[in-house]
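What follows is a set of notes on a single structure, which appears directly below.
Bear in mind that the values in this text are calculations on the coordinates, not laboratory data. This one's a predicted model, so the numbers in the text were calculated from it and none came from an experiment.
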């Protein structure tokens, strides 16, 4: 892992961050996959598709620049889905994805979640899946599939 000389800050989303939210997420999706309808909604309308329903968006900031993202969609009072965990390709390898995931777990606990789950892809997101496993997510049956690219579902119970 490369050293980061300045501390990465995890901050809450503000509408001023919209462009970086969209850029970072569209870049990782279109690099290996294609934008699905739900991706368009989350990337282009985060206030409506994530925040309005009681969700949260966390951002990694380094030297004033947004370099990573993570969203939490509220399914119900006890259940959240981790979505759009991404790091700008120029900043990968610095542990920023792990920091974002840890912050998303802590935010989920703080708001009273009992279950945090995610969908991912074992081929295109192998590094992220390693992070998820290391932090305590466990693979569960893929009982539903919100994304064509998803071939794994993982969850963490609190």
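Could you work out the helix-only [θ] at 222 nm for the chain, with each DSSP H run of four or more residues adding -39,500 (n - 2.57) and the total divided by the number of residues, to the nearest 500 deg cm²/dmol? Value at 222 nm, helices only: -9000 deg cm²/dmol.
The rule of thumb for compact globular proteins, 2.2 N^0.38 Å, goes into the C-alpha radius of gyration of the range 99-158 1.10 times. If the segment from residue 139 to residue 127 were pulled out straight at 0.36 nm per residue, it would be longer than the present Cα-Cα gap by 2.8 nm.
From the alpha carbon centroid of the range 23-46 to that of the range 131-157 is 19 Å. Structural descriptor for the chain: relative contact order 20 percent, calculated from alpha carbon pairs under 8 angstrom and at least 6 residues apart. The antiparallel fraction among DSSP beta bridges confined to the chain stands at about 90%.
Its Cα gyration tensor gives the chain an equivalent ellipsoid; the semi-axes, largest first and in whole Å, are 21, 18, 17.
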